[in-house]
Amino acid sequence: MDYVCARCGKSVSRKELNALPGIKCSHCGYRILYKKRPEVIKRLKVQ
């Protein structure tokens, strides 16, 4: 699962997060990360 940094916008992988102590961006050190949403569009049948 990938995360996106709120400050620099770069993608951070789960493996990079485990390498650092705490949860922070490996590029800029910012501590607010968002989960990357899948690009799959969900279609539901409405009655």
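Any read-out appearing in this document is the output of simple, stated calculations on the displayed coordinates, not a laboratory observation. Computed from a predicted structure; not experimentally measured. So basically every Cβ, Gly included, is an ideal-geometry build from the backbone, and we count neighbours across all protein chains shown.
For the reader, a short list of remarks on this structure follows.
- First in the stretch 17-46 and free of Cβ contacts under 8 Å to residues at least 40 places away in the same chain, second anywhere and loosely packed, with under 10 Cβ neighbours inside 10 Å and of a type in the set (S, T, N, Q), Cβ under 6 Å, 6 or more apart: none
- Among the residues of the stretch 12-24, those identified as out of contact with any helix residue (DSSP H, G or I) (no Cβ under 9 Å at 6 or more places or on another chain) and either part of a loop (DSSP other than H, G, I, E, B) or exposed (fewer than 12 other Cβ atoms within 10 Å of the Cβ) (or both) are ARG14, LYS15, ASN18, ALA19, LEU20, PRO21, GLY22.
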